[in-house]
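Undergrad: Below is one structure. I have some questions about it.
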Amino acid sequence: MFTGIVQAVGKVAATAPKGDGLRLAIVPGALDLDGVAIGDSIAVNGCCLTVTAKEGRTVAFDVSAETLSCTAGLDGGRDVNLELALRLADRLGGHLMSGHVDGVGTVIAFDRVAEVASGDGSFRLEIEAPAPLARFIAAKGSIAVDGVSLTVNGVAGSRFHLNLIPHTLEVTTLADLRPGARVNLEVDLIARYVARLAEAGA
């Protein structure tokens, strides 16, 4: 499990074919790898991946074709958001996430909405979600975008928008988004189970 509080921004340093998928080598930036062992889970742009190798300051993951088919941003040269798996004693600062990407959304707009004396300000991010996910996205609910826990500000059909504060832009990859960019989405676990229970009782 994860919380969507990004702990470091890393970079995909290399990719190589592995079976029907890829082996990713990631330089983890400021992420503390001291307690990380082979077999542990790390969320990479919101996708839960298993550590298959460690060498110095590089960590490797094997990614299946299935995972590649339903995610975005795991190709070479990209910066990626990283989060270690949640421990029972950790604070839950974001929201509970499984690291199982539900679908890939498309950035529609990314615009500054406020500016303060320091020059910093918040940004409005609008995303088009895959139609099957729209029913799980609600205003003031939680959603993960590329592994970042965010609060939905508004919803219109399959589109939703969020407000990003300067701190979020500084410590994640979201500042690099542009219209047309593809992002990994994970809907709120509670919304998913509520919908399933409602279907079962119908």
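Derivation of every value follows stated rules applied to the coordinates shown; laboratory data play no part. As the structure is a computational prediction, the values presented were derived from the model and not from experiment. Cβ coordinates were reconstructed from backbone atoms using ideal geometry, including for glycine residues, and neighbour counts include every protein chain displayed.
Undergrad: Hey, fewest Cβ within 10 Å first, where do 1, 97 land in order?
TA: Ordered from fewest to most neighbouring Cβ atoms within 10 Å, 1, 97 come out as 1, 97.
Undergrad: Can you give the Kirkwood hydrodynamic radius of the stretch 107-178 from its Cα pairs, in Å with one decimal?
TA: Taking the inverse mean of 1/r over all distinct Cα pairs, the stretch 107-178 comes out at 12.6 Å.
Undergrad: Let me ask another. Taking only Cα atoms of the stretch 1-61, what ratio of Rg to Rh do you get with Rh as the Kirkwood inverse-distance radius?
TA: 0.93
Undergrad: Which of 161, 95, 167, 100 comes first, and how do the rest follow, when ranked by fewest Cβ neighbours within 10 Å?
TA: 167, 100, 161, 95
Undergrad: Using a cut-off of 16 Å between alpha-carbon atoms, which aspartates and glutamates can reach residue 11, once sequence neighbours fewer than 8 places away in the same chain are excluded?
TA: Within the straight-line limit of under 16 Å, residue 11 reaches these aspartates and glutamates: 32, 55, 62, 75, 79, 83, 146, 170, 176.
Undergrad: Okay, next question. For the chain, with only Lys/Arg (+1) and Asp/Glu (-1) charged at the beta-carbon, what is the dipole magnitude about the Cα centre, in debye rounded to 20?
TA: 220 debye
Undergrad: Any chance you could run the full-extension gain for residue 176 through residue 78? It's 0.36 nm times the residue separation minus the Cα-Cα distance, nm to one decimal.
TA: 34.2 nm
Undergrad: Next question, about the same structure. Report the residue, chosen from 34, 79, 120, that carries the largest GNM mean-square fluctuation when the chain is represented by alpha-carbon nodes joined by springs under 10 Å.
TA: 34
Undergrad: Neighbouring Cβ atoms within 10 Å as the yardstick, rank 48, 70 fewest first.
TA: Ordered by Cβ neighbours within 10 Å, fewest first: 70, 48.
Undergrad: Pick out, from 76, 19, 8, the residue whose Cα sits farthest towards the positive end of the charge dipole of the stretch 8-84, with +1 on the Cβ of Lys and Arg and -1 on the Cβ of Asp and Glu.
TA: Final value for the positive-end residue is 76.
Undergrad: Around residue 62, what is the net charge, scoring Lys/Arg as +1 and Asp/Glu as -1 over all other residues with Cβ under 13 Å from its Cβ?
TA: Summing Lys and Arg as +1 and Asp and Glu as -1 gives 0.
Undergrad: Residue 20 to residue 128: extension gain in nm, 0.36 nm per residue of separation minus the Cα-Cα distance?
TA: My answer for the length gained is 35.9 nm.
Undergrad: Cut-off 10 angstrom, C-alpha nodes, Gaussian network model of the chain. Which of 108, 26, 42 fluctuates the most?
TA: Residue with maximal mean-square fluctuation among 108, 26, 42: 108.
Undergrad: Rounded to whole Hz and in sequence order, give me ³J(HN,Hα) for the stretch 29-40 from the Karplus expression 6.51 cos²θ - 1.76 cosθ + 1.60, θ = phi - 60°, writing x for Gly and Pro.
TA: x, 8, 5, 6, 9, 4, x, 8, 10, 4, x, 6
Undergrad: For the stretch 103-201, what is the charge dipole size about the Cα centre, in debye to the nearest 20, if Lys and Arg each add +1 at the Cβ and Asp and Glu each add -1 at the Cβ?
TA: 340 debye
Undergrad: Using the Cβ atoms and a cut-off under 11 Å, what net charge is assigned to the surroundings of residue 4, where Lys and Arg are +1 and Asp and Glu are -1?
TA: Value of the local net charge: -4.
Undergrad: I'm checking a number: the convex hull volume of the Cα atoms of the chain, normalised per residue, in Å³. What is it?
TA: Hull volume normalised by residue count: 141 Å³.
Undergrad: Which ³J(HN,Hα) values, rounded to whole Hz and listed in residue order, are derived for the stretch 188-194 from phi using the Karplus coefficients 6.51, -1.76 and 1.60 in 6.51 cos²θ - 1.76 cosθ + 1.60 with θ = phi - 60°, glycine and proline given as x?
TA: With the stated coefficients, the stretch 188-194 comes to 5, 4, 5, 4, 5, 6, 4 Hz.
Undergrad: Using amide H atoms built in the peptide plane, which far-off residues or other-chain residues are under 5 Å from residue 8 H to H?
TA: Distant-sequence amide H within range of residue 8: 82.
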